[in-house]
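First comes the structure, then the notes that go with it.
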Amino acid sequence: AKERGKGCVALYEPALHEQALQELQLRSDLARALEEDQLVVHFQPTIDLATGVVAGFEALVRWQHPTRGLLGPVHFIPTAERTGLIVPLGRWVLREACRAAATFQTPTRRVTISVNVAAAQLTSEGFGDEVVAALRDSGLPPSCLLLEITESMLLGDLELIRSRLEVLRRLDVRIAIDDFGTGFSSLAYLRRLPVDVVKVDKSFVDHVTDDDHDASLTRSIIAMSQSLNLATIAEGVEHLGQAEWLRATSCRFGQGFLWSRPVPLDQARALLAVAGPL
Ligand code: C2E
Ligand code: CA
Ligand code: CA
Ligand code: CA
């Protein structure tokens with residue numbers, strides 16, 4: 001019933017109907033998943049490129065589905081965003097991530113936790129209060145929390161977003177621009193928003209060692225970030241050559257399968273316990 005093409009108008013409707021039903025089904029399954037604790041947070045380390053030591057983790061949500069197995073975010077985050085469920089889902093991830101990260105801290109070691117924040121979540125009424133509550137209930141120092149916002153969400157109400165970010169900044173929470181370089185006016189955002197960290201998109205990192213053009217662009221992003229006093233995290237690092245290039249180019253942090261995939265909490269703890277470079 002999913003055939004496409006001219007003159008198939010009659011076939012479109014059932015297909016659309018089916019899609020709508022699937023979305024409704026997914027929405028109610030996801031709502032139940034939230035209630036019944038089927039969601040889990042995995043942790044992927046970010047590495048200090050100068051020392052090779054774990055500097056922090058990014059919290060990445062998964063769904064331990066009762067019949068379909070462990071589902072990655074691509075299978076449910078888009079539906080969560082379309083249906084508004086992203087707000088309670090994001091709140092849950094934030095609380096879990098802060099709670100875990102609080103246990104990572106020691107008197108001599110600060111470990112950053114990055115949490116992805118969707119547009120609807122950031123602009124929702126109670127977001128500031130939710131962050132305050134998550135920090136208070138977990139005991140995590142605010143400066144250990146790094147909230148990642150993507151460039152694409154900045155297409156919304158930029159003034160509202162800016163004022164929300166200012167509030168978070170005043171709490172001493174830090175802000176990262178995720179997937180940097182993939183949007184249209186990345187540079188303008190850096191000037192207008194209170195940002196601490198730039199995450200260089202994987203699509204640049206992929207080719208730094210074999211494409212002069214991407215290498216130049218990445219070098220420029222890193223240099224510009226540095227001149228604005230922003231830290232850089234390169235995402236999607238898979239090969240040693242990339243890590244070496246990034247380090248030589250003064251990129252501060254790296255994240256990628258080269259060091260570790262996102263892993264469950266107990267494995268994250270084990271990564272943290274490694275004394276030297278990962
Ligand atoms: P993202 O924020 O860009 O997260 C990085 C994604 O790249 C993760 O995919 C991670 O597993 C993957 N990755 C990391 N290193 C490598 C690498 O070396 N190679 C490759 N090929 N991939 C790598 P994941 O976990 O599937 O998450 C996908 C996206 O889902 C995230 O992209 C983020 O936009 C979204 N997401 C995940 N968790 C949350 C959440 O709690 N809230 C919201 N709003 N979005 C989330
Ligand atoms: Ca992210
Ligand atoms: Ca990213
Ligand atoms: Ca990306």
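The values are calculated or read from the model by the stated rules, or taken from the named source; none is laboratory data. Keep in mind it's a predicted model, so treat the numbers as computed, not measured. So basically every Cβ, Gly included, is an ideal-geometry build from the backbone, and we count neighbours across all protein chains shown. What goes into the accessible areas is simple: the full protein's heavy atoms, side chains included, and nothing from ligands, DNA or RNA. Shrake-Rupley method; radii C 1.70, N 1.55, O 1.52, S 1.80 Å.
Give me the accessible area per residue for the chain, probe 1.4 Å, as a whole number in Å².
Heavy-atom SASA per residue in the chain reads 50 Å².
Relative to the Cα centre, what is the charge dipole magnitude of the chain, using +1 at the beta carbon of each Lys and Arg, -1 at the beta carbon of each Asp and Glu, and rounding to the nearest 20 debye?
500
At q = 0.15 Å⁻¹, what is the log10 ratio I(q)/I(0) for the stretch 149-198, with the Debye formula run over Cα points and no solvent?
-0.34
Compute the angle between helix 127-138 and the longest alpha-carbon principal axis of the chain, please, reported from 0 to 90 degrees and rounded to the nearest 10.
It is inclined by approximately 60 degrees.
Report, to the nearest 10°, how far helix 86-104 tilts away from the longest principal axis of the Cα atoms in the chain, using its own Cα long axis and a range of 0 to 90°.
The answer is roughly 30 degrees.
Rounded if a/c is under 1.5, else prolate if a/b is larger than b/c, else oblate: which is the stretch 66-183, with a ≥ b ≥ c the root eigenvalues of its Cα gyration tensor?
oblate
Sort the following peptides by mean Cβ neighbour count (other Cβ atoms within 10 Å, averaged over residues), highest first: 77-83, 159-165, 194-200.
With the highest mean Cβ count within 10 Å placed first, the list reads 194-200, 77-83, 159-165.
Which FRET efficiency, nearest 0.05, do Thr67 and Leu258 yield, Cβ-Cβ r, R0 45 Å?
0.85
Counting DSSP beta bridges in the stretch 25-139, what percent are antiparallel, to the nearest 5? Please list the in-between numbers first.
Details: 13 of 17 bridges.
Counting only bridges with both partners in the stretch 25-139, antiparallel ones make up about 75 percent.
Would you please state the base-10 log of I(q)/I(0) at q = 0.12, 0.14, 0.15 1/Å for the chain, with intensities from the Debye formula using one equal scatterer on every alpha carbon?
One equal scatterer on each Cα of the chain leads to -0.80, -1.06, -1.18.
Taking the dipole about the Cα centre of the chain, with the C-beta of Lys and Arg at +1 and of Asp and Glu at -1, give me whichever of Pro107, Leu155, Ile222 is farthest to the positive side.
Final value for the positive-end residue is Pro107.
How many angstrom lie between the C-alpha centres of the stretch 229-261 and the stretch 103-170?
Cα centres, the stretch 229-261 to the stretch 103-170: 23 Å.
How far, in nm, would the chain grow between Thr182 and Arg82 when pulled straight, counting 0.36 nm per residue and subtracting the alpha carbon separation? Could you put the intermediate results ahead of the total?
Values: separation 100, 0.36 × 100 = 36.00 nm, distance 2.19 nm.
That works out to 33.8 nm of additional length.
First compute the accessible area of the stretch 75-230 with a 1.4 Å probe, then give the percent of it belonging to carbon and sulfur atoms.
Percent of accessible area from carbon and sulfur atoms in the stretch 75-230: 51.
Could you give the length gained by full extension between Gln226 and Leu158, i.e. 0.36 nm per residue of separation minus their alpha carbon distance, to one decimal place?
22.1 nm
Please state the relative contact order of the chain as a whole percent: Cα pairs under 8 Å, 6+ residues apart?
On the way: 445 pairs, mean separation 52.2, N = 278.
Result for the chain is 19 percent.
Would you calculate a helix-derived [θ] at 222 nm for the chain, using -39,500 (n - 2.57) for each DSSP H run of n ≥ 4 and dividing by the full residue count, to the nearest 500?
When only DSSP H runs of four or more count, the value is -14000 deg cm²/dmol.
Given a 1.4 Å probe and the protein chains all in place, what does the accessible area of Glu238 round to, in Å² to the nearest 10?
The accessible area of Glu238 comes to roughly 70 Å².
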